[in-house]
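Below: one structure, written as structure tokens.
The values are calculated or read from the model by the stated rules, or taken from the named source; none is laboratory data. Just so we're clear, the structure is a prediction, and the values are computed from it rather than from any experiment. Heads up, the Cβs are rebuilt from the backbone with ideal geometry, glycines too, and the neighbour counts pull from every protein chain shown.
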Amino acid sequence: MPKLSEVQSAVCSFIRGGPPDALAELIEHDGLAPAARLAIYRNNALITLEAALMASFPIACALTGPRFFSYAANSFIRDNLPAEPCLSEYGATFPEFLASFPACAGLPYLGDVAKLEWAIGRVIRAERGRPIPLATLAGLAGDPAERPLAVDPATRFLRSAYPVDVIWQQHRPGSVPETITIDTGAVHLQVRGADGLFIARLPEASWILRAAIADGARLGQAAGAALAVDPAFDLPGALAALFAEGLIVGLRETP
């Protein structure tokens, strides 16, 4: 009798398109050949995972059409089976897959639209943090610039060379798509799930400051990165805005 890990490995291999031989020996006929039973299982697994991707990336599906999306999804699934039991968490690397999938070359913005969709799904499900006042930072012992700040978990930051926020909006159900010029320059987006969904375009320096803080950079490092792209950047005003918008929910522990 094979070990459980060996059976699991064989199942994964079969779903990816491998032969059923190793598994067929473990299944009773009971009126239906083992190979036929396994084929039904594989088909159901692929359909379920494809439906999960379609639920997380409906705009990507609208842009490509359901038939092409199904083809791309199945190509992704066979090499990227779920690592977690929750299907709403499945597909984190699907945007990168779409961006590099040769068949999607005609839609260069598709991967970034999918990244936006994934960010939206994360912020909508995230539990919001409790904002802290600016006075908390001012009252810290030592140099505040050396402290990393914690950003509200219901917030994501995304930049793209394409107007993915407009593309996303115009392909939502009920919208009337219009002609979009995709070479309008980079967009720097903040996506928040605070009592609804809010997608805002930020100036590059402001976005860099916030995204760096969200990634765990110390305040001084984040400020330096923002000033590097815009020496005239209003850092005091930008810091005040962070707290006024309730984006800062705590202080990270320094190593």
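The figures follow:
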read-out	value
Qualifying positions in the range 93-104 - free of Cβ contacts under 8 Å to residues at least 40 places away in the same chain, surrounded by 15 or more Cβ atoms within 10 Å (Cβ to Cβ) and out of contact with any Asp or Glu (no Cβ under 8 Å at 6 or more places or on another chain)	97, 98, 101
Of the criteria (1) over 26 Å from residue 162 (Cβ atoms); (2) without any contact (Cβ under 8 Å) to a residue 40 or more places away in the chain, which one residue 128 fails	(2)
Count - residues of the range 205-229 that are modelled with pLDDT of 95 or more and touching an Asp or Glu at 6+ places or on another chain (Cβ under 7 Å)	2
Per-region count, the range 214-255, residues among the hydrophobic types (A, V, I, L, M, F, W, C), under 27 Å from the mean Cα position of the chain (by Cα) and in a helix (DSSP H, G or I)	13
Residue in the range 164-174 that is β-branched (Val, Ile, Thr), touching a Ser or Thr at 6+ places or on another chain (Cβ under 8 Å) and touching a residue at least 40 places away in the same chain (Cβ under 8 Å) present	no
Which listed residue, of 81, 140, 87, 158, is in the same structural domain as residue 190 (by TED's automatic domain parsing), in contact (Cβ under 8 Å) with a residue 12 or more places away in the chain, more than 24 Å from residue 207 (Cβ to Cβ) and not acidic (Asp, Glu)	140
Residue list for the range 181-200, restricted to those being part of a strand (DSSP E or B) and either surrounded by 19 or more Cβ atoms within 10 Å (Cβ to Cβ) or of a type in the set (A, V, I, L, M) (or both)	187, 188, 189, 190, 191, 192, 199, 200
Any hit, the range 105-115, residues being under 18 Å from residue 46 (Cβ atoms), modelled with pLDDT of 95 or more and aromatic (Phe, Trp, Tyr)	no
Extreme residue, farthest from residue 225 (Cα to Cα), among residues of the range 106-158 that are of a type outside the set (D, E, K, R) and either touching a Cys at 6+ places or on another chain (Cβ under 7 Å) or in a strand (DSSP E or B) (or both)	110
Unmet requirement for residue 121, which otherwise passes all of (1) over 19 Å from the mean Cα position of the chain (by Cα); (2) modelled with pLDDT of 90 or more; (3) outside the structural domain of residue 42 (by TED's automatic domain parsing)	(1)
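Okay, residues lined up against (1) of a type outside the set (Val, Ile, Thr); (2) touching a Gly at 6+ places or on another chain (Cβ under 9 Å); (3) surrounded by fewer than 21 Cβ atoms within 10 Å (Cβ to Cβ); (4) over 18 Å from residue 123 (Cβ atoms):
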{"position": "144", "(1), (2), (3), (4)": "yes, yes, yes, yes"}
{"position": "153", "(1), (2), (3), (4)": "yes, yes, yes, no"}
{"position": "179", "(1), (2), (3), (4)": "no, no, yes, yes"}
{"position": "202", "(1), (2), (3), (4)": "yes, no, yes, no"}
{"position": "209", "(1), (2), (3), (4)": "yes, no, no, yes"}
{"position": "231", "(1), (2), (3), (4)": "yes, no, yes, yes"}
